[in-house]
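Working notes for the structure below.
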């Protein structure tokens, strides 16, 4: 059980890091928009990053022209 | 057969010949060339994914008129940019407010569209607030070009500058989130540490573990108390100083005492510590506060609320040219030039030019009035077609608009703060417990008990007003969340409670009961052309005007008419092929046509005629129509026993007409903001509890005077900021739902308070008698709090949000 004397402070240290990280994230505005990113992840706007040989032949989308 | 819907905006696309575009071997129909152009732009940039991703049809785009272009070009002026552009590393950063965003795909489209422009370093749109941040390098691109690029896709962009109120709200919102998170983490950690203490797991290991766990619990709880719970302490201190006991006082005392007592036990030894209870209590309370702050933040997102009404710069006429100066430097007797579409910064007198002015901000009248040299004009009015030179009579704080805002401030300052039910109970209850606790301690100490301190602690913990103080906020939180899903956003803590007592509802007319814009209610072809052809001609002519009448026609397919001329206060003329066409008031056309006008029956609303050189072609009737659900909402409210009153600054006959259509018996028209307030005060003296629903700046003073004020979602920003609640989607039926929920909320609050009081009162004597060990007190306290929270959650069970829109997402493709 003596391991607790090390584990508990360790946990608290990690938790403290987490809290600091979270407040940094909030302060840099990452929590200002809670809806946008949830949608953004679903947009497969990376079609032009798929290697040519891996593309589906029946894709109805032309590769972006940029 | 129904005409196909526009591929881009979902409006019917009846065009003949139809406007089409071939996309990926599929023929798409469009309602107008604007939509087609946007779709082509999207396609040529390889962003067609937009049509797959979107969940709502896009807005119908509108091409910019030359005066709008001029206004956008003006944004390149460094003096104008001062307010919303700031230099950042490697470029300039502008804050913009984007209009026309219907779903998340719009944001994706905009961001990708702009990132392809030269000079744009980054562009991001906030989905919640529709604010955008644009970073660009000034030497590679002009700001106006980038804004025009946004308009190209059918969205609008205007600069905005966060004012102090918004910055403060944003800071509060963020710090609240951190507080909440810290309290949550603290609760989890201290619970984990308390677990072995509660269940005697440590008895067979040794007392050094107890001490160890307690010290670490103390370590965890300390930041929660000093950071997360700080708002409670500062509020309590403020309330004590102002000798006004609110719920914050017992909360602060409970948190403070439990924390101090636990420290005492930790340091000097004793039976139990309550760090985890303190953390959990803080967390639950903060959750309610956070949701309130969030609601206020959303409603307070107004940019500079007055920006639309009080321009920051003005063009001063000096000899033959104009110089742009900051608005606050305008002096009396200066001559300033107001271009079409601009807002007047001052009260003054027209000395040159003739135009129509939209004075909705001051009077609530939605149709612009014609103003000629010699007329008085007021700050906040929007200029229509022609440039005006205005001699300044009053500027800055002396204007009529500032006057209205001063009344608002006065009324708001005089309004007594609403004492909530919980606050009233808090005062009584806390006082008694605070007297009782020391008595118990002295009693047991005199009786020679060793554990006098433990018993006193039990008394304090048992009577901890947790359940009592959670009773109201939890119910309000859960009701708020439910109502927000329905589109009714309470922005003040007291809104829901105050709504219980409402027995009179006052509605503004324009923009509240009606849509606040003209719509085509009837059309009839009287000449040789059929209705569709006439409508296309009309739309082709009106495309060149920004007048509200013209805007009715903007959404229809149009003919490419040339040489369009705007005849002020009359109508428009233009040429198609060999023929001249006219649209406008009857008198205007009679002047130009030798044929007498066909007879037309008297009808409400406004008549607009279309004619060619030889004949009268069609008549259009326009009116400001009531909202779809207005009649139903009024009927339901009246069935609930509400007295409904229509109070408008608008002309009386239309007010009476709307009142009759909707079944409102009391209607007052042509009321100035001051008169509106007077009506309201009279009613209040009669003992009515008033809810005021409005949307304009002219409603503001009376809204401030009402018990509960509700602003429409499209209301002026300042109106939304000052209102107690915002009706986000403009569905009046949600008022009914909100009133019902408010009654339900009161019921739940009563149940909660009843339970909390019963628990506290029955536990108190037991604890004072020393029959409740502290650990049982802690469990009882947590259980009673939990029960209150669970009871409140019942409120959140919302009926499925009803949609009064028939409009479904049209452009959605079935793409797997």
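The values are calculated or read from the model by the stated rules, or taken from the named source; none is laboratory data. Everything numeric here is computed off the predicted structure, so don't read it as measured data. Cβ coordinates were reconstructed from backbone atoms using ideal geometry, including for glycine residues, and neighbour counts include every protein chain displayed.
Of the strands (runs of 3 or more DSSP E) that lie entirely inside the range B:483-593, those containing 1 or more residues that are over 40 Å from the mean Cα position of the chain (by Cα) and touching a residue at least 24 places away in the same chain (Cβ under 8 Å) span B:514-525, B:571-576, B:579-584.
Go through (1) within 16 Å of the chain's Cα centre (by Cα); (2) at pLDDT 75 or above; (3) at the interface with chain B (Cβ under 7 Å from one of its Cβ atoms); (4) more than 30 Å from residue B:214 (Cβ to Cβ) for residue A:43 and report which single condition fails. Answer for residue A:43: the failing condition is (2).
The condition (being touching a residue at least 12 places away in the same chain (Cβ under 8 Å) and not in a strand (DSSP E or B)) is satisfied by just one residue among B:637, B:610: B:637.
Here residue B:46 fulfils each of the conditions (1) without any contact (Cβ under 8 Å) to a residue 24 or more places away in the chain; (2) in a strand (DSSP E or B); (3) in contact with a helix residue (DSSP H, G or I) (Cβ under 9 Å, 6 or more places away or on another chain) apart from (2).
Looking at the range B:80-106, which of its residues are away from chain A (no Cβ under 14 Å), outside any strand (DSSP E or B), surrounded by 16 or more Cβ atoms within 10 Å (Cβ to Cβ) and out of contact with any helix residue (DSSP H, G or I) (no Cβ under 9 Å at 6 or more places or on another chain)? Result: B:83, B:84.
Please verify whether the range B:52-71 includes one or more residues that are modelled with pLDDT of 80 or more, crowded, with 17+ Cβ neighbours inside 10 Å and outside any loop (DSSP other than H, G, I, E, B). No, the range B:52-71 contains no residue that is modelled with pLDDT of 80 or more, crowded, with 17+ Cβ neighbours inside 10 Å and outside any loop (DSSP other than H, G, I, E, B). Scan the range A:30-55 for residues that are within 26 Å of residue B:176 (Cβ to Cβ) and surrounded by 13 or more Cβ atoms within 10 Å (Cβ to Cβ) and the total you get is 6.
For the range B:143-156, the set of residues classified as in a loop (DSSP other than H, G, I, E, B) and over 24 Å from the mean Cα position of the chain (by Cα) consists of B:153 only. Of all residues in the range B:658-700, those being touching a strand residue (DSSP E or B) at 6+ places or on another chain (Cβ under 9 Å), over 21 Å from residue B:400 (Cβ atoms) and in a helix (DSSP H, G or I) number 7.
When restricted to residues that are in contact with a strand residue (DSSP E or B) (Cβ under 7 Å, 6 or more places away or on another chain) and in a helix (DSSP H, G or I), the range B:641-657 contains 2.
When the range A:1-18 is filtered for residues that are in a loop (DSSP other than H, G, I, E, B) and more than 7 Å from chain B (Cβ to nearest Cβ), the ones remaining, listed by number, are A:2, A:3. Taking (1) surrounded by fewer than 20 Cβ atoms within 10 Å (Cβ to Cβ); (2) touching a residue at least 12 places away in the same chain (Cβ under 8 Å); (3) under 18 Å from residue B:53 (Cα atoms) in turn, residue B:109 satisfies each apart from (1). In the range B:72-79 there is at least one residue matching the filter, namely being under 15 Å from residue B:156 (Cβ atoms) and either surrounded by 14 or more Cβ atoms within 10 Å (Cβ to Cβ) or within 14 Å of chain A (Cβ to nearest Cβ) (or both). The set of residues in the range A:19-40 being facing chain B (nearest Cβ under 7 Å) and part of a helix (DSSP H, G or I) consists of A:19, A:22, A:23, A:26, A:27, A:36, A:39, A:40. Scanning the range B:112-135 for residues that are surrounded by fewer than 17 Cβ atoms within 10 Å (Cβ to Cβ) and touching a helix residue (DSSP H, G or I) at 6+ places or on another chain (Cβ under 6 Å) turns up just one, B:117. Looking at the range B:120-142, can you tell me whether even one residue there is more than 10 Å from chain A (Cβ to nearest Cβ), within 30 Å of residue B:277 (Cβ to Cβ) and either assigned to a loop (DSSP other than H, G, I, E, B) or modelled with pLDDT of 75 or more (or both)? No - not one qualifying residue is present in the range B:120-142.
Taking the range B:157-195 as the range and being at pLDDT 80 or above and not in a helix (DSSP H, G or I) as the test, only B:157 passes.
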